[in-house]
């Protein structure tokens, strides 16, 4: 059994086979996070892109815990230049890690450091964990290849942004559910800032009306899968 814990925005912790994998650990400055970055440890950190509300506390946690940061090539190079361990990957590529396989998908967004330096392409993240497939869409707009992703990889859990403005809103995310056809959808990337205010309960009901399954995770809630 694996565990998924939500820290608000797009930050998650996955506990699987005695490994801890953080995704987009924006904790410091995240008004929704029920924990501090110093409370967290990780063996691996997977990044969707470099924007500060996703890159977050990556360097502090990685250096303290000797974590390996998994990211697209340019972002991984940046992480390594700051003194943390990094594993370079890119869109469409996959690699087998001790906890399972990681594959990066396309995402329609941007990726730059706080200083404005280009950090490569943004990505979605597929995690393959003992037969379970988790898809973290990262920051993205709706794109038709989500149907291909869903057909190639039977997705158990899809983590989809619903906050609009910078990413898909609820209507586009609902279409993404149709294209991906996951067993379960969990909304993310909402209510952190006023400009991405959205109602996750409403989105869950929208999904359920189509006959598919969805649930909201409270901030700090852990879900077993």
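No value in this document is a laboratory result; all are computed from the given coordinates. Just so you know, these numbers come straight off a predicted model, no measurement behind them. Neighbour counts are summed over all protein chains in view; Cβ atoms, including those assigned to glycine, are modelled from backbone coordinates with ideal geometry.
Quick look at the values:
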| quantity | calculated |
| --- | --- |
| Full-stretch length increase - residue 183, residue 225 - with 0.36 nm per residue and alpha-carbon distance subtracted | 14.0 nm |
| Helical mean residue ellipticity (222 nm; -39500 (n - 2.57) per DSSP H run of 4+; nearest 500) of the chain | -6000 deg cm²/dmol |
| The stretch 1-20 residues near the modelled residue 156 label - backbone nitrogen below 11 Å, point 7 Å along Cα→Cβ | 1-4, 16-17 |
| Hydrodynamic radius (Kirkwood) for the stretch 1-104, which is based on Cα pairs only, to one decimal in Å | 13.5 Å |
| Mean Cβ count within 10 Å, highest first, over the residues of peptides 107-118, 67-78, 171-182 | 67-78, 171-182, 107-118 |
| Label-to-label distance, nm, for residues given as residue 28 and residue 113 (7 Å Cα→Cβ offset) | 1.6 nm |
| Theoretical gain in end-to-end length, residue 94 to residue 175 [0.36 nm per residue, Cα-Cα removed] | 26.5 nm |
| Nitroxide proxy distance, nm - points 7 Å out along Cα→Cβ at residue 205 and residue 165 | 2.4 nm |
| Nearest-ten-degree value, helix 200-209 long axis tilted from longest Cα axis of the chain | 50 degrees |
| Highest-MSF residue in the chain out of 15, 205, 121 [GNM, Cα springs under 10 Å] | 205 |
| Nearest-ten-degree value, helix 170-180 long axis tilted from longest Cα axis of the chain | 90 degrees |
| Order by protection proxy (mean Cβ within 10 Å, highest first), peptides 92-100, 122-130 | 122-130, 92-100 |
| Modelled FRET efficiency - R0 30 Å, residue 130 with residue 81, Cβ distances, 0.05 increments | 0.30 |
| Chain lengthening between residue 215 and residue 148 when straightened (0.36 nm per residue, less Cα-Cα) | 21.8 nm |
